[in-house]
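Working notes for the structure below.
The values are calculated or read from the model by the stated rules, or taken from the named source; none is laboratory data. Given the structure is predicted, the values throughout are model-derived calculations rather than measurements. Backbone-built Cβ (ideal geometry, glycine too); neighbour counts: all protein chains shown.
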(Lines give C-alpha, C1' and ligand atoms only; values in the text may rest on other atoms or scores of the structure.)
Protein backbone atom coordinates (compact mmCIF):
# COMPACT_ATOMS: atom_id res chain seq x y z
CA UNK A 1 0.00 0.00 0.00
CA UNK A 2 1.34 3.42 -0.92
CA UNK A 3 1.94 5.75 1.99
CA UNK A 4 0.98 9.38 2.42
CA UNK A 5 2.60 11.37 -0.36
CA UNK A 6 3.47 15.03 -0.13
CA UNK A 7 4.93 17.34 -2.71
CA UNK A 8 6.92 19.26 -3.30
CA UNK A 9 9.44 17.94 -0.82
CA UNK A 10 11.06 21.35 -0.63
CA UNK A 11 9.93 24.79 -1.73
CA UNK A 12 11.80 28.08 -1.58
CA UNK A 13 9.76 31.20 -2.27
CA UNK A 14 10.06 34.91 -1.71
CA UNK A 15 8.04 36.75 0.88
CA UNK A 16 4.73 37.80 -0.61
CA UNK A 17 4.53 34.96 -3.10
CA UNK A 18 2.00 32.13 -3.10
CA UNK A 19 2.77 28.47 -2.51
CA UNK A 20 0.52 25.44 -2.73
CA UNK A 21 1.37 22.22 -0.94
CA UNK A 22 -0.26 18.96 -1.89
CA UNK A 23 -1.01 15.83 0.09
CA UNK A 24 -2.21 12.48 -1.23
CA UNK A 25 -3.49 10.35 1.64
CA UNK A 26 -3.55 6.58 1.76
CA UNK A 27 -6.32 5.33 -0.49
CA UNK A 28 -9.54 4.80 1.46
CA UNK A 29 -8.54 7.02 4.37
CA UNK A 30 -11.37 9.46 5.00
CA UNK A 31 -9.46 11.43 7.63
CA UNK A 32 -6.73 13.80 6.55
CA UNK A 33 -4.74 16.12 8.79
CA UNK A 34 -2.28 18.96 8.32
CA UNK A 35 0.41 19.77 10.88
CA UNK A 36 3.47 21.97 10.81
CA UNK A 37 6.72 22.55 12.67
CA UNK A 38 8.04 26.09 12.45
CA UNK A 39 11.08 27.80 13.93
CA UNK A 40 12.31 24.55 15.50
CA UNK A 41 9.31 24.45 17.81
CA UNK A 42 6.95 21.56 18.49
CA UNK A 43 4.75 20.11 15.80
CA UNK A 44 1.31 21.71 15.83
CA UNK A 45 -2.04 20.72 14.43
CA UNK A 46 -3.50 22.87 11.65
CA UNK A 47 -6.70 21.19 10.54
CA UNK A 48 -8.62 17.96 10.01
CA UNK A 49 -10.74 16.86 7.06
CA UNK A 50 -13.30 14.08 7.05
CA UNK A 51 -13.71 13.34 3.38
CA UNK A 52 -14.17 16.78 1.82
CA UNK A 53 -15.47 18.50 4.96
CA UNK A 54 -13.38 20.49 7.41
CA UNK A 55 -13.96 18.86 10.78
CA UNK A 56 -11.64 21.06 12.79
CA UNK A 57 -9.62 24.03 11.54
CA UNK A 58 -8.83 25.47 14.94
CA UNK A 59 -5.09 25.33 14.33
CA UNK A 60 -5.01 27.42 11.15
CA UNK A 61 -2.86 30.43 12.08
CA UNK A 62 -4.61 33.10 10.00
CA UNK A 63 -6.54 33.75 6.80
CA UNK A 64 -3.42 33.58 4.66
CA UNK A 65 -3.78 29.80 4.87
CA UNK A 66 -6.42 27.99 2.84
CA UNK A 67 -6.90 24.23 2.83
CA UNK A 68 -9.09 22.32 0.44
CA UNK A 69 -9.96 18.71 -0.20
CA UNK A 70 -12.16 18.64 -3.23
CA UNK A 71 -13.79 15.27 -3.84
CA UNK A 72 -12.45 13.93 -0.59
CA UNK A 73 -9.23 12.61 -2.09
CA UNK A 74 -6.07 14.71 -2.15
CA UNK A 75 -5.73 17.95 -0.22
CA UNK A 76 -3.98 21.23 -0.91
CA UNK A 77 -2.74 23.84 1.52
CA UNK A 78 -2.21 27.27 0.01
CA UNK A 79 -0.27 30.05 1.68
CA UNK A 80 -0.98 33.47 0.20
CA UNK A 81 0.90 35.71 0.66
CA UNK A 82 3.74 33.85 2.36
CA UNK A 83 5.57 35.49 5.26
CA UNK A 84 9.00 34.73 6.70
CA UNK A 85 7.48 33.12 9.82
CA UNK A 86 5.71 30.54 7.65
CA UNK A 87 9.02 28.78 7.07
CA UNK A 88 9.07 25.28 8.46
CA UNK A 89 8.05 21.73 7.66
CA UNK A 90 4.43 21.01 6.79
CA UNK A 91 3.21 17.48 7.43
CA UNK A 92 0.14 15.70 6.23
CA UNK A 93 -1.28 12.57 7.84
CA UNK A 94 -4.20 10.28 7.19
CA UNK A 95 -6.19 7.65 9.04
CA UNK A 96 -9.08 5.37 8.25
CA UNK A 97 -11.06 5.96 11.40
CA UNK A 98 -10.95 7.45 14.87
CA UNK A 99 -8.81 4.78 16.44
CA UNK A 100 -5.34 3.56 15.73
CA UNK A 101 -2.27 5.41 14.62
CA UNK A 102 -1.86 7.98 11.92
CA UNK A 103 0.44 7.65 8.94
CA UNK A 104 2.42 10.80 8.27
CA UNK A 105 3.91 11.90 4.99
CA UNK A 106 7.53 12.89 4.60
CA UNK A 107 6.65 16.57 4.83
CA UNK A 108 7.22 19.64 2.71
CA UNK A 109 10.03 21.93 3.83
CA UNK A 110 8.94 25.48 3.09
CA UNK A 111 11.52 28.25 3.12
CA UNK A 112 10.34 31.84 2.73
CA UNK A 113 13.14 34.31 1.98
CA UNK B 1 -5.53 21.29 27.39
CA UNK B 2 -3.26 18.32 27.81
CA UNK B 3 0.45 19.02 28.27
CA UNK B 4 3.11 16.74 26.82
CA UNK B 5 6.66 17.07 28.04
CA UNK B 6 9.69 15.17 26.87
CA UNK B 7 13.05 14.69 28.51
CA UNK B 8 15.86 15.19 28.11
CA UNK B 9 15.54 18.07 25.62
CA UNK B 10 18.98 17.34 24.19
CA UNK B 11 21.12 14.22 24.23
CA UNK B 12 24.56 13.49 22.82
CA UNK B 13 25.71 9.89 22.64
CA UNK B 14 28.72 8.02 21.45
CA UNK B 15 27.93 5.41 18.83
CA UNK B 16 27.04 2.12 20.48
CA UNK B 17 25.60 3.65 23.64
CA UNK B 18 22.08 3.04 24.93
CA UNK B 19 19.55 5.70 25.87
CA UNK B 20 16.09 6.19 27.31
CA UNK B 21 13.77 9.01 26.22
CA UNK B 22 10.79 9.92 28.33
CA UNK B 23 7.37 11.38 27.53
CA UNK B 24 5.08 12.60 30.32
CA UNK B 25 1.51 13.67 29.71
CA UNK B 26 -0.86 15.50 32.01
CA UNK B 27 -4.14 13.70 31.28
CA UNK B 28 -5.47 10.31 30.26
CA UNK B 29 -4.82 9.36 26.66
CA UNK B 30 -6.05 6.58 24.45
CA UNK B 31 -3.58 7.04 21.59
CA UNK B 32 0.16 7.56 21.66
CA UNK B 33 2.77 7.46 18.92
CA UNK B 34 6.54 7.93 18.84
CA UNK B 35 8.12 9.58 15.82
CA UNK B 36 11.62 10.28 14.60
CA UNK B 37 12.23 13.42 12.58
CA UNK B 38 15.40 12.75 10.66
CA UNK B 39 17.91 15.45 9.62
CA UNK B 40 16.08 15.85 6.29
CA UNK B 41 12.90 16.80 8.13
CA UNK B 42 10.97 13.62 7.40
CA UNK B 43 8.70 12.33 10.16
CA UNK B 44 9.03 8.60 10.59
CA UNK B 45 6.53 6.63 12.63
CA UNK B 46 8.29 4.43 15.17
CA UNK B 47 5.55 3.02 17.37
CA UNK B 48 1.83 3.23 17.92
CA UNK B 49 1.73 2.37 21.59
CA UNK B 50 -1.20 3.56 23.71
CA UNK B 51 -0.25 0.97 26.33
CA UNK B 52 2.10 -1.93 26.88
CA UNK B 53 5.48 -2.67 25.36
CA UNK B 54 6.63 -3.08 21.77
CA UNK B 55 9.99 -3.78 20.18
CA UNK B 56 11.33 -3.19 16.70
CA UNK B 57 14.98 -4.06 16.23
CA UNK B 58 17.16 -1.81 18.37
CA UNK B 59 14.17 0.27 19.44
CA UNK B 60 11.55 -0.53 22.02
CA UNK B 61 8.83 1.46 23.76
CA UNK B 62 6.75 1.14 26.86
CA UNK B 63 3.66 3.12 27.81
CA UNK B 64 2.23 3.06 31.32
CA UNK B 65 -1.05 4.83 30.67
CA UNK B 66 -2.20 4.75 34.30
CA UNK B 67 0.93 6.65 35.35
CA UNK B 68 0.85 8.94 32.30
CA UNK B 69 4.22 8.31 30.77
CA UNK B 70 5.91 6.52 27.90
CA UNK B 71 9.55 5.53 27.39
CA UNK B 72 11.49 5.00 24.19
CA UNK B 73 14.64 2.88 24.43
CA UNK B 74 17.39 3.05 21.87
CA UNK B 75 20.07 0.40 22.15
CA UNK B 76 23.44 0.29 20.38
CA UNK B 77 22.84 3.73 18.93
CA UNK B 78 24.04 4.56 15.42
CA UNK B 79 24.73 7.88 13.74
CA UNK B 80 21.60 7.38 11.65
CA UNK B 81 19.57 7.59 14.87
CA UNK B 82 20.35 11.31 15.07
CA UNK B 83 17.43 13.70 14.79
CA UNK B 84 14.49 14.76 16.92
CA UNK B 85 12.24 12.26 18.66
CA UNK B 86 8.64 13.26 19.31
CA UNK B 87 5.87 11.61 21.22
CA UNK B 88 2.31 12.58 20.36
CA UNK B 89 -0.89 11.83 22.26
CA UNK B 90 -4.62 11.97 21.67
CA UNK B 91 -7.33 11.97 24.28
CA UNK B 92 -10.64 10.18 24.01
CA UNK B 93 -13.06 11.80 21.58
CA UNK B 94 -10.49 13.88 19.73
CA UNK B 95 -8.71 13.45 16.44
CA UNK B 96 -6.04 16.02 17.18
CA UNK B 97 -2.58 14.80 18.16
CA UNK B 98 -0.71 16.93 20.68
CA UNK B 99 3.01 16.66 20.16
CA UNK B 100 5.63 16.84 22.86
CA UNK B 101 8.50 19.27 22.90
CA UNK B 102 10.88 16.71 21.39
CA UNK B 103 14.26 15.25 22.32
CA UNK B 104 17.10 16.24 20.02
CA UNK B 105 19.53 13.32 19.74
CA UNK B 106 22.99 13.49 18.25
CA UNK B 107 24.99 10.28 17.92
CA UNK B 108 28.71 10.75 17.40
CA UNK B 109 30.83 8.32 15.39
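Which ones in the range A:79-113 are part of a loop (DSSP other than H, G, I, E, B) and crowded, with 21+ Cβ neighbours inside 10 Å? Don't jump to the end; show me each part of the working.
The initial filter retains those residues of the range A:79-113 that are part of a loop (DSSP other than H, G, I, E, B), namely A:80-83, A:87, A:96-102, A:105-107, A:113.
Answer for the range A:79-113, where residues must be part of a loop (DSSP other than H, G, I, E, B) and crowded, with 21+ Cβ neighbours inside 10 Å: A:82, A:102, A:105, A:107.
Sort out which residues of the range A:55-78 are within 14 Å of chain B (Cβ to nearest Cβ) and either in contact (Cβ under 8 Å) with a residue 40 or more places away in the chain or in a loop (DSSP other than H, G, I, E, B) (or both), and write them in order of number.
So the first thing to find is which residues in the range A:55-78 are within 14 Å of chain B (Cβ to nearest Cβ), and the list is A:55-60.
Result: A:57, A:58, A:59, A:60.
Check every one of the strands (runs of 3 or more DSSP E) wholly within the range B:1-98 and list those with 1 or more residues that are at pLDDT below 95. Steps first, answer last, please.
Working: elements: B:4-7, B:10-14, B:19-25, B:31-37, B:43-48, B:52-56, B:59-64, B:69-74, B:83-90.
Here the list reads B:31-37, B:43-48, B:83-90.
Cβ-Cβ distance below 8 Å, separation of 6 or more or different chains: which pairs start in the range A:80-100 with a residue that is more than 10 Å from chain B (Cβ to nearest Cβ) and end on one that is surrounded by fewer than 14 Cβ atoms within 10 Å (Cβ to Cβ) and at pLDDT below 95?
Filtered contacts from the range A:80-100: A:85/A:39; A:87/A:39; A:96/A:28.
Those residues that are surrounded by fewer than 17 Cβ atoms within 10 Å (Cβ to Cβ) and facing another protein chain (nearest Cβ under 10 Å), I need them from the range A:31-41; list them, please. Working first, answer last.
The first filter runs over the range A:31-41 and keeps only residues surrounded by fewer than 17 Cβ atoms within 10 Å (Cβ to Cβ), leaving A:38-41.
Matches in the range A:31-41: A:40, A:41.
Considering only the range B:39-74, state which residues are closer than 22 Å to residue A:38 by Cβ, more than 13 Å from the chain's Cα centre (by Cα) and surrounded by 14 or more Cβ atoms within 10 Å (Cβ to Cβ).
Step one: list which residues in the range B:39-74 are closer than 22 Å to residue A:38 by Cβ, which gives B:39-45.
Then drop every residue that is not more than 13 Å from the chain's Cα centre (by Cα), which leaves B:39-42.
Answer for the range B:39-74, where residues must be closer than 22 Å to residue A:38 by Cβ, more than 13 Å from the chain's Cα centre (by Cα) and surrounded by 14 or more Cβ atoms within 10 Å (Cβ to Cβ): B:41, B:42.
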